[in-house]
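Below is one structure, written out as structure tokens; the observations come after it.
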Amino acid sequence: MKLVFAGTPEVAVPALDALIASDRHEVVAVVTRPDAPAGRGRRLVASPVAERAEEAGIEVLKPARPRDEAFLARLREIGPDCCPVVAYGALLPKIALDVPARGWVNLHFSLLPAWRGAAPVQHALMAGDEITGASTFLIEEGLDSGPVYGTVTEAVRPTDTSGDLLTRLAFAGSGLLVATMDGIEDGSLDALPQPADGVSLAPKITVEDARIDWAAPALRVDRVVRGCTPAPGAWTEFRGERLKVRTAVLAPDRTDLAPGELSVGKKNLHVGTGSHAVELLWVQAQGKKPMAAADWARGVRIAAGEQLG
């Protein structure tokens, strides 16, 4: 099939690479979000998908909105058979959905109908899911509600961050997306409606969602830290300033600390929760680079009885 691929961040690049490498389909153009300011100088930078497409000599379309008439006119000129999508980052209007003969097919990083929305991997980790995965589905006007072509499952490992899990799903999902394109092209694959039961929503994680509640059980604290790493980053407060918690592990042998209470050892730093303690491994003070938690604790000279939060 003649394909127009839509995607923006780094996590979409493995799927683009897999489609480019396919000998059954041709990626003739890429749709991505416009260049965005980045770095200290805030200069405009192309998306990872745009950079990869340009390296491959593929036409790149960067509409401010996917309903812009100039973009729609060019899409009609290209006349794609199908438009595979991975983390494009903008809602597609019906006028755009109607252009390709076989529709827009999204690779979504959950086992639908679970975790429909912008942050499925983060929500799966924060909810304590043991199994997650990726799904390909035909995009409709509803939120991730279209019929599903296929799925691939992935076990959640005990130390997974959302970054770890998303990286694995990006590569596993790229194979699923190519197989879905193959099945659509040869007619061997039908999309099945999602079940009405088991629907859950995964809206974008806000900064407030990433705030650690030290009165919660240690398992909940661990899930928030892992689910919010690398972005937006789990955080708490110390002496009135924000402190990010980059890495932490459960410390079930420490039950002597009140929620938020700090205990500094020679090579470790523990903090109490609503159950047992957790050990902080890496933290990042406001305006500073990440550092080992024990080194940070020595530097700020934590007094007896001081707390986080």
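The values are calculated or read from the model by the stated rules, or taken from the named source; none is laboratory data. Just so it is clear, the structure is predicted and the values come from calculations on it, not from any experiment. Note that we place each Cβ from the backbone using ideal geometry, even for glycine, and neighbour counts take in every protein chain shown. Side chains are part of the model used for accessible areas, which takes the heavy atoms of the whole protein and leaves out ligands, DNA and RNA. Shrake-Rupley method; radii C 1.70, N 1.55, O 1.52, S 1.80 Å.
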Next item on the list: Express the relative contact order of the chain as a whole percentage, based on alpha carbon pairs under 8 Å and six or more residues apart in sequence.
Entry: 13
Margin query: Relative contact order for the range 159-309: what percent, with Cα pairs under 8 Å and sequence separation of 6 or more?
Written below: 20
Check: How big is the Rg/Rh ratio for the chain, C-alpha atoms only, Rh by Kirkwood, two decimals?
Finding: 1.05
Next item on the list: Taking only protein heavy atoms into account and a 1.4 Å probe, give the accessible area per residue of the chain in Å².
Entry: 48
Next item on the list: Report the longest stretch of the chain that contains none of the GluC sites (Glu not before Pro) sitting in a DSSP loop with at most 12 other Cβ atoms within 10 Å.
Entry: 1-129
Next item on the list: Only Cα pairs under 8 Å and at least 6 apart count here; give the relative contact order of the range 248-309 as a rounded whole percent.
Entry: 33
Check: Within the set Lys62/Lys288; Lys62/Lys289; Lys2/Lys94; Lys2/Lys204; Lys62/Lys244, which residue pairs have Cα atoms separated by over 23 Å?
Finding: Lys62/Lys288; Lys62/Lys289; Lys2/Lys204; Lys62/Lys244
Margin query: Given the DSSP H assignment, sum -39500 (n - 2.57) over each helix run of at least 4 residues in the chain and divide by its residue total; what's the result at 222 nm in deg cm²/dmol, nearest 500?
Written below: -7500 deg cm²/dmol
Check: What does the convex hull of the Cα atoms come to per residue for the range 160-213, in Å³?
Finding: 136
Check: Expressed as a whole percentage, what fraction of the accessible surface of the range 202-304 belongs to carbon and sulfur atoms when a 1.4 Å probe is rolled over the protein heavy atoms?
Finding: 52
Notebook entry, point to check: Going through the range 162-231, which trypsin sites (Lys or Arg not before Pro) have at most 14 other Cβ atoms within 10 Å and a DSSP loop state?
Noted result: Lys204
Notebook entry, point to check: Counting only the heavy atoms of the protein chains, how much of Met1 is accessible to a 1.4 Å probe, in Å² to the nearest 10?
Noted result: 30
Notebook entry, point to check: Rounded to the nearest whole Å³, what is the per residue volume of the convex hull around the Cα atoms of the range 200-309?
Noted result: 98
Next item on the list: Enumerate the whole-percent occupancy of each 5 Å bin, from 0 to the last occupied one, for all C-alpha pair distances of the range 65-188.
Entry: 2, 11, 21, 21, 17, 13, 8, 4, 2, 0
Margin query: Nearest 10 degrees is fine. How inclined is helix 218-227 to the longest principal axis of the chain, computing both from alpha carbons?
Written below: 40
Note to self: Using the Karplus curve 6.51 cos²θ - 1.76 cosθ + 1.60 with θ = phi - 60°, what ³J(HN,Hα) values do you get for each residue of the range 78-94, in whole Hz, with x for Gly and Pro?
What the structure shows: 5, x, x, 6, 8, 10, x, 10, 9, 6, 5, x, 8, 6, 9, x, 4
Next item on the list: Run the 1.4 Å probe and let me know the accessible area of Tyr149, rounded to the nearest 10 Å².
Entry: 40
Next item on the list: Report, for the chain, the % of DSSP beta bridges that are antiparallel, rounded to 5.
Entry: 65
Next item on the list: Return the percentage of antiparallel bridges among DSSP beta bridges fully within the range 1-89, rounded to the nearest 5 %.
Entry: 20
Next item on the list: Would you list the P(r) distribution for the range 138-233, with all Cα-Cα distances sorted into 10 Å bins from 0 and each bin expressed as a whole %?
Entry: 13, 31, 34, 17, 4, 0
